[in-house]
Amino acid sequence: MATVPALATPSIEGGLARYLRDIRKFPMLAQEEEYMLAKRWREHADPEAAQKLVTSHLRLVAKIAMGYRGYGLPLADLIAEGNLGMMQAVKRYDPERGFRLATYAMWWIRASIQEYILHSWSLVKLGTTAAQKKLFFNLRRIKGRIQAIDDGDLSPENLKLIATELNVPESDVIDMNRRLAGPDHSLNAPVRADGDVGGEWQDWLQDDADDQEETLGEMEELGLRRDLLTAAMSHLTPRERDILQERRLRDEPTTLEDLAQKYGVSRERVRQIEVRAFDKLQAQMKQAAQERRLLPQP
């Protein structure tokens, strides 16, 4: 499927009022015209058709974005994200299904804006499941309806009402309500208010990632072990090598019975070959490691 090209749409950088005025210049499309443009884009990847489909719906994007102004983010950014969702909708729209592009595009526009809001609010643990996203985007609306928008912690009655209506645990409602009430803080803010000592908050963050030198050392050690194993395996007979691989180097080892039938010997004989091959392998690897000075000489 072709990618929607970069479109010459009005820029929000020139000011929101000017942008809203400019997008009114793009005419709404009649159903038949919309259908033909969508066919041209879908079948021939016509960029002009894609541009007309997108620009004719910029007013819809702006209208939807305005519904998310209560989250404290710039409206221009919300509109920009919604425009990206609109482009995704045009890319996937199938006019043969019988519904208008606006009906299909509304889901993509909202999804794009909501993902941007969730990311901007830095919700690490919340907002990951469908129920939690529903809570995030409906809590403010419900609080307004029950006239609890300016409350701190919710009353037990309101807490139970919201949790029941959204079908989420009360603990999730409490956590989300406190997150929405508390502003984000910059990690570049000084630890001390006077800024004289103590550095910034980010200086106190611990990086849980592995140290680069340790990671590189482990990779080199793993490579050496793999080389030693490959070299040592070459000193085994084909039967020893096969039995050892089947018994020791597989996620699900082959049974002694299956190997006994394969080689026409008893299960005990297979076990003896396995033990002997493993001892030979260890001895060869130890000798090779000593020769490379990876282990102390005896």
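The values are calculated or read from the model by the stated rules, or taken from the named source; none is laboratory data. Because the structure is a prediction, the values reported are computed rather than measured. Every residue, glycine among them, receives a Cβ derived from its backbone with ideal geometry; neighbour counts consider all protein chains shown.
Using the structure shown, decide if Leu29 is within 22 Å of Ser120 (Cβ to Cβ) and part of a loop (DSSP other than H, G, I, E, B).
Considered against the rule, which asks whether it is within 22 Å of Ser120 (Cβ to Cβ) and part of a loop (DSSP other than H, G, I, E, B), Leu29 comes out as no.
For Met36, indicate whether it is of a type outside the set (Ser, Thr, Tyr), assigned to a loop (DSSP other than H, G, I, E, B) and farther than 30 Å from Phe136 by Cβ.
No.
Count, please, the residues in segment 40-79 that happen to be surrounded by fewer than 19 Cβ atoms within 10 Å (Cβ to Cβ), at pLDDT below 90 and of a type in the set (A, V, I, L, M, F, W, C).
5
Quick check on segment 66-88: of everything there that is in contact (Cβ under 8 Å) with a residue 24 or more places away in the chain and among the charged types (D, E, K, R), which residue is farthest from Arg18 (Cα to Cα)?
If we take residues in segment 66-88 being in contact (Cβ under 8 Å) with a residue 24 or more places away in the chain and among the charged types (D, E, K, R), then Glu81 is farthest from Arg18 (Cα to Cα).
Given the conditions (1) surrounded by 12 or more Cβ atoms within 10 Å (Cβ to Cβ); (2) modelled with pLDDT under 75; (3) within 23 Å of Met66 (Cβ to Cβ), which single one is not true for Asp150?
Checking Asp150 against (1) surrounded by 12 or more Cβ atoms within 10 Å (Cβ to Cβ); (2) modelled with pLDDT under 75; (3) within 23 Å of Met66 (Cβ to Cβ), the one that fails is (1).
Tell me, yes or no, whether segment 54-65 has at least one residue that is part of a helix (DSSP H, G or I), free of Cβ contacts under 8 Å to residues at least 12 places away in the same chain, of a type outside the set (Val, Ile, Thr) and closer than 12 Å to Leu20 by Cα.
yes
Output yes when any residue across segment 267-279 is modelled with pLDDT under 80 and assigned to a helix (DSSP H, G or I), and no when none is.
no
Which numbered condition trips up Leu73, out of (1) part of a helix (DSSP H, G or I); (2) within 25 Å of Arg24 (Cβ to Cβ); (3) hydrophobic (A, V, I, L, M, F, W, C)?
So Leu73 meets the others, but not (1).
If you check Glu246 against the conditions, is it at pLDDT below 75, assigned to a helix (DSSP H, G or I) and within 39 Å of the chain's Cα centre (by Cα)?
no
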